[in-house]
Amino acid sequence: MNRTIAVVLTLSAALCACRSDDTNTGDDAGPDAPGGSVRIQDVQNDSMAAGTPVALSGVVVTAIDAYGAKTGDIWVEEVGGGPFSGVHVFGAPLAQVGALAVGDIVSIAGAEKDEFAYQGTNGMGGDTSGRSITELKPVNGGMMTVTKTGTGTVPAPEMVDALAIGQKATQAERDAEWEKWEGVLVTVNNISAVTAAKCVGSACSDMTSTASMPRVGSSSSLHSLRSRARRRGRLPRPTVSPGSRG
């Protein structure tokens, strides 16, 4: 059964990513641009070490965490879209996040790059895959600020073919391809659900915490579900596999 879903990827088990474009800052935006602003592609590049201070400008909000009680995460992307153009933003002031809407153009200051991997509870149940989620968090000892500077258009979702990626010869090749789309708004096609819906809540009593694959053509935010759940000590792993064409 083929399925198509729209997501912003920030998955941690088999997906990771990095990069993009910045319309508001011009072609000179980069590590040496005035004010120290960089592009998301720079953040997603492995050459930038975790802990590096980061300022972004002219990026567009593509998703806002409104799930459950622990809200406040956002995802931003360069307005030009493309591979490596999105990133997850964790720990921004709730009052500032509350004033935002999808499509807002923002500047982010007081942030640093982080590579997050779920550590489990009391040392148990952590992610031991060696993969991580590239994200921005408040600079150590400081406060992040997210400032709306305008209103723009969310980039059109990039088309990602799960079947083509799944057919690559090695896991390293598959990981490298998924890495391009971490934090990016994408449409994923040619996937199939191979297990039933799974409860992901700590007590499994909240019906909103049941993860299942959406129907063909529907929208989903697996990116936010996965990374939020890891932040909250919940680790949903809906099992999917590349679907067959035809």
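Read the figures in this text as sums done on the coordinates, not as results from a lab. Just so it is clear, the structure is predicted and the values come from calculations on it, not from any experiment. Note: ideal-geometry Cβ built from the backbone for every residue, glycine included; neighbour counts use all protein chains shown.
Between Glu115 and Val102, the simple spin-label model (points 7 angstrom out along Cα→Cβ) gives 3.1 nm.
State whether the range 79-206 is rounded, prolate or oblate according to the following rule on the C-alpha gyration tensor (a ≥ b ≥ c being the square roots of its eigenvalues): a/c under 1.5 gives rounded; otherwise a/b larger than b/c gives prolate, and the remaining case gives oblate. Please report the intermediate quantities before stating the final value.
Numbers: a/c = 1.68, a/b = 1.24, b/c = 1.35.
In terms of gyration-tensor shape, oblate.
Only the Cβ atoms of Lys and Arg (+1) and of Asp and Glu (-1) were treated as charged; on that basis the dipole of the range 18-151 about its Cα centre amounts to roughly 380 debye.
Close amide H pairs (under 5 Å, H built 1.01 Å from N) link Met144 with Val139, residues at least 5 positions away or on another chain.
Taking Cα pairs under 8 Å and at least six residues apart, what relative contact order does the range 18-151 come out at, in percent?
26 percent
Note on Ala176 and Met124: the model spin-label points, each 7 Å out from Cα along the C-beta direction, lie 3.9 nm apart.
Which order do Leu185, Leu100 fall in if you start with the one that has the fewest other Cβ atoms within 10 Å? Could you put the intermediate results ahead of the total?
On the way: Leu185 24, Leu100 17.
Going from sparsest to densest Cβ surroundings: Leu100, Leu185.
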